[in-house]
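Each remark here refers to the structure printed beneath this line.
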Amino acid sequence: MSDTGASGRDPGLRPLSGQQHTAGALDRDEVLKVLTFSLGVGETMLESSVATSDVEDALRRLTAAYGLGRCEVSVTLNVISLCLLQPVDGPITLVKVVDIGEPRLDRIAQLAHLSREVEAGRLDIDQAVRSADEIRARPQGVHRAIRLLALVVSTWAWVVTMVWVGPGRM
């Protein structure tokens, strides 16, 4: 049984690089570009402590939006695996081990917007790759020293409160 619609095309197909493609006619380089783009988005999401199930869902939607609806996605705590079984060229598998860092909620919001643009068909793969690269390259909103200063001030306030009021009177 095929997943194609009445036109014989994959219903999740979107243009790649400004051209219309059919599921069987995707160029291997374009498939690699879509998988690499999706892997980068997933990496950024995992780095920001997004739930693995949400990362899997996002990567399935992104790959399907570019015509790779049969891409297998597996995400664990720090590993992303994308596998596309192609009848002609054989399987293509990409795996990425992710270093988990501090949550970057600003990136998550921007990636969610990018994902909606891709799913709506408003960005070809080259535009999406450029946008994702820009999101990853943006500096963190609040500098690490400022966060450390806020932690020290907060701790100091608790210590002063405990000494001033006393633990028995709180």
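The residue pairs whose first member lies in segment 72-94 and is free of Cβ contacts under 8 Å to residues at least 40 places away in the same chain and part of a loop (DSSP other than H, G, I, E, B), whose second member is open to solvent by 60 Å² or more (accessible area, probe 1.4 Å) and among the aliphatic types (A, V, I, L, M), and whose beta carbons are closer than 8 Å, counting only pairs six or more residues apart or on different chains, are LEU77/ILE100; ASN78/VAL97; ASN78/ILE100; PRO91/LEU85. Note on segment 114-126: among residues that are without any contact (Cβ under 8 Å) to a residue 24 or more places away in the chain and more than 15 Å from ASP57 (Cα to Cα), the one that is most open to solvent (accessible area, probe 1.4 Å) is ARG122.
Here is the figure for segment 72-99: residues that are of a type outside the set (Asp, Glu) and under 15 Å from the mean Cα position of the chain (by Cα) total 15. The residue pairs whose first member lies in segment 27-43 and is over 13 Å from CYS71 (Cα atoms) and at pLDDT below 95, whose second member is surrounded by fewer than 18 Cβ atoms within 10 Å (Cβ to Cβ) and aromatic (Phe, Trp, Tyr), and whose beta carbons are closer than 8 Å, counting only pairs six or more residues apart or on different chains, do not exist in this structure. Within the option set LEU68, LEU62, LEU46, LEU77, being open to solvent by less than 60 Å² (accessible area, probe 1.4 Å) and either farther than 21 Å from GLN110 by Cβ or touching a Leu at 6+ places or on another chain (Cβ under 6 Å) (or both) holds for one residue only, LEU68. Among the residues of segment 131-141, is there at least one that is over 26 Å from ARG28 (Cβ atoms) and open to solvent by less than 40 Å² (accessible area, probe 1.4 Å)? Yes, that holds for at least one residue. For segment 96-128, filtered to residues that are among the basic types (Lys, Arg) and in a loop (DSSP other than H, G, I, E, B), the residue that is modelled with the lowest pLDDT is ARG104. For beta carbons closer than 6 Å, sequence separation of 6+ or different chains, a first residue in segment 52-71 that is closer than 16 Å to LEU32 by Cβ and a second that is hydrophobic (A, V, I, L, M, F, W, C) and open to solvent by 30 Å² or more (accessible area, probe 1.4 Å), the qualifying pairs are GLY67/ALA23.
The values are calculated or read from the model by the stated rules, or taken from the named source; none is laboratory data. On a predicted model such as this, the values are computed, not experimentally measured, just so you know. No Cβ is skipped: glycine too gets one built from the backbone with ideal geometry, and neighbour counts run over all protein chains shown. With ligands, DNA and RNA removed, areas are computed over all heavy atoms of the protein, side chains included. Shrake-Rupley method; radii C 1.70, N 1.55, O 1.52, S 1.80 Å.
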